[in-house]
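Note sheet for the following structure.
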Amino acid sequence: MAVLALVFLAIAVRRIGRLRLRIWQAMSAGALAVLLSGDISPGEAVRAIDLDVMLFLFGMFVVGEALVESGYLYSVAYHALAGTRTADGLVLAVLFGAGFASALLMNDTLAIVGTPLMLRLAREHRLDPRLLLLTLAFAVTTGSVMSPIGNPQNLLIAHGSGIANPFVTFLAHLFVPTVLSLLATYGVLRLSFRKSFHGSRLVHERAAPGDPALARLARLSLGLIVLMVLAKVTLVWAGAPWELRLSWIALAGALPVLVASPRRIRLLKRIDWPTLLFFAAMFVLTACVWQTGFLQQSIERLALDLTQPGSILGVGVLLSQLVSNVPLVALYLPLLQHAGVSEAGFLTLAAGSTLAGNLLILGAASNVIIVESADRRGTDLSFLQFARVGLPLTALHVAIYWLFLGS
């Protein structure tokens, strides 16, 4: 717990004297500390690393880098956003476009391909890059709540809870509060970045792919990912016994670029290796923290009824900051099943563990991807800048979802 507290402090401060720390360095130091102290064995550390997540991120990083390097991403964005003429319109377009897309393509995917686009749009339209980075972060987190494949923890709940017809059930209960939460996000961003919403008319620069050959491969990769995601949706909808893993989808999408592009080595060098290292280290540190039993004992001492909507939302939001939302859901789900909670209880767990991503940077993998990718491109979004907007926003979101799920 001391190591975890120091990691949080290092990520919040990000500077020790003249030394500037990146998030992956702080988390890697934490994982190394618990390994050297013997709090977790090397074998346990290796087993704690989720290979499926690591392969998914690797594949999506390859596709994302190809989309950026070829210029195809900017070309698509120009056609999608050419109709927006004001800063308000652009923020709303990103909020609802990325939010709804994350419900289908998963929030981490949108974080990977969306970050360089947000930075380009900020430069092009003289907007504070932090405004668009936060818009993207909150959009992909909030939008992913309403779909069983919007994020890994929702997928775990859809599979493990026995919810009938998960796509229909998630949408029926979570679509309206998600739309209201996206609108609330716009309001909070508008208040937090008043000076950035200038009245100048936006003029979009026409963008064409700079490398047509790589653009064709990137388009093929993106098409494969969309088709395989739709196939996954169909399999889940039909209740088929076969599982189409997210790592398979991402690796299949990366295959055309890795096999056919002469620029594959350059692309592999440019993908976000530090973020992959962050996730490996995070799995090790959070597994070690959970093994101590400290958090579980603390919850027991509070004497909370962990099956009540308010408790589920609170525990989901707060504990996901410490042990990550996927392992939290994996441990919380059996408790709710044993207690015989209704579908609303499982959906509340999905909402709470996902909305955790809007509170602090470490609350969601997609946040880390966005912050690290922006940092690599010369734009800093600090822990405190995120929290300044995320704290009131999360409180508002929790209230909205509790109104719909708490009764």
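Toward the positive end of the charge dipole of the chain, with +1 on the Cβ of Lys and Arg and -1 on the Cβ of Asp and Glu, the farthest Cα among Ser382, Leu355, Phe294 is that of Ser382. The packing ranking of peptides 246-254, 375-383, 150-158, highest mean first, is 150-158, 246-254, 375-383, where packing means the average number of other beta carbon atoms within 10 angstrom of each residue.
From the C-alpha gyration tensor of segment 6-115, pull out the three semi-axes of the equivalent ellipsoid (sqrt of 5λ each), sorted largest to smallest, in whole Å. All intermediate terms of the calculation are to be shown ahead of the outcome.
Values: eigenvalues 260, 75, 34 Å².
They are 36, 19, 13 Å, listed from largest to smallest.
Apolar share of the accessible surface for segment 318-407: 69 percent from carbon plus sulfur atoms, 1.4 Å probe.
Classify the chain as rounded, prolate or oblate, taking a ≥ b ≥ c as the square roots of the eigenvalues of its Cα gyration tensor: rounded when a/c is under 1.5, otherwise prolate if a/b is larger than b/c and oblate if not. Rounded shape, in that the Cα axes give a/c under 1.5.
On a per residue basis, the chain carries 41 Å² of accessible surface, using protein heavy atoms and a 1.4 Å probe.
Here the label points at Gln297 and Ala5, each 7 Å from Cα along the C-beta direction, are separated by 1.5 nm in the simple model.
Treating the angle as unsigned and between 0 and 90°, give the value, to the nearest 10°, between the Cα long axis of helix 72-81 and the longest Cα principal axis of the chain. The angle comes out near 90 degrees.
Using C-alpha pairs under 8 Å with a sequence gap of at least 6, the mean separation divided by the residue count of the chain gives a relative contact order of 26 percent.
Seen from Phe167, the other residues with C-beta closer than 14 Å to its C-beta sum to a net charge of 0, counting Lys and Arg as +1 and Asp and Glu as -1. Computed in the context of the full set of protein chains, the accessible area of segment 161-252 at 1.4 Å probe radius has 66% of its extent on carbon or sulfur.
Fully extended, how many nm does the chain gain between Val259 and Tyr78 (0.36 nm per residue separation, minus their Cα-Cα distance)? Each step should come with its number before you reach the end.
On the way: separation 181, 0.36 × 181 = 65.16 nm, distance 2.85 nm.
Roughly 62.3 nm would be gained on extension.
Here the gap between Ser342 and Ala231, fully extended at 0.36 nm per residue and compared with their Cα-Cα distance, gives a gain of 37.1 nm.
Expressed as a whole percentage, what fraction of the accessible surface of segment 83-135 belongs to carbon and sulfur atoms when a 1.4 Å probe is rolled over the protein heavy atoms? Can you show the working numbers first?
Working: 950 of 1530 Å².
About 62 percent, which is the carbon plus sulfur part of the accessible surface.
The values are calculated or read from the model by the stated rules, or taken from the named source; none is laboratory data. Keep in mind that what you see is a predicted model, and the values were worked out from it rather than measured. Heads up, the Cβs are rebuilt from the backbone with ideal geometry, glycines too, and the neighbour counts pull from every protein chain shown. SASA here: full protein model, heavy atoms, side chains in, ligands and nucleic acids out. Shrake-Rupley method; radii C 1.70, N 1.55, O 1.52, S 1.80 Å.
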